[in-house]
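One structure is given below, encoded as structure tokens.
The values are calculated or read from the model by the stated rules, or taken from the named source; none is laboratory data. Owing to the predicted nature of the structure, the values given are computational and were not obtained by experimental measurement. For neighbour counting, all protein chains shown are included, and Cβ atoms are generated from backbone atoms with ideal geometry for every residue, glycine included.
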Amino acid sequence: MDQTTNPPIAQSDPASAFADLRGEVSLLRRAVEGLTAERQNAPDYTPTLTGLSSRLARTEELLGKIAESPAMRLTPENLAVSIARASETARAGDRETLDKSGATLRASIATINGVVEHAWAADGQWKQLYWTGGGGLLIGALGALSILHLIG
């Protein structure tokens, strides 16, 4: 109680002291009833908190799944190794294709070289045949001239 708001109680008057006490108790009773009424009028947050709790549990479950996923275990070093392995695997197929293509190309070139060599050999044989025929014709002509010269 504040002395400035309440007048000082006379020590000799018990009846007025009880009246003042009765007023203060009455005031306290109304204050407590007001608090009780306020508490009864307060909204019930139980459904909202239950919903929040279930959503938090679901979020925690999803975060656990995300944390356990293989992508979360990838470090830059692990990722680099995985990329290198994948590129080696991809290049192995390309290397095999290139090797087969190279072998096919070498076989084709060898076949073409054989055909060209055969053609050159045939051409050389024709040239040799012309030279031999021409030489034989020349020798025959010279022989005929010399026989005509001896006869004549």
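One table, with the values for the structure above:
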read-out	value
Test result for residue 63, free of Cβ contacts under 8 Å to residues at least 24 places away in the same chain, surrounded by 10 or more Cβ atoms within 10 Å (Cβ to Cβ) and touching a helix residue (DSSP H, G or I) at 6+ places or on another chain (Cβ under 8 Å)	no
Residue in the range 122-129 that is of a type in the set (S, T, N, Q) and surrounded by 10 or more Cβ atoms within 10 Å (Cβ to Cβ) present	yes
Test for residue 77: is it without any contact (Cβ under 8 Å) to a residue 40 or more places away in the chain and under 56 Å from the mean Cα position of the chain (by Cα)	yes
Residue within the range 65-80 that is at pLDDT 90 or above and either small (Gly, Ala, Ser) or not in a helix (DSSP H, G or I) (or both) present	no
Verdict on residue 142 being loosely packed, with under 10 Cβ neighbours inside 10 Å and either without any contact (Cβ under 8 Å) to a residue 24 or more places away in the chain or not hydroxyl-bearing (Ser, Thr, Tyr) (or both)	no
In the range 104-144, the residues that are within 58 Å of the chain's Cα centre (by Cα) and among the acidic types (Asp, Glu)	117
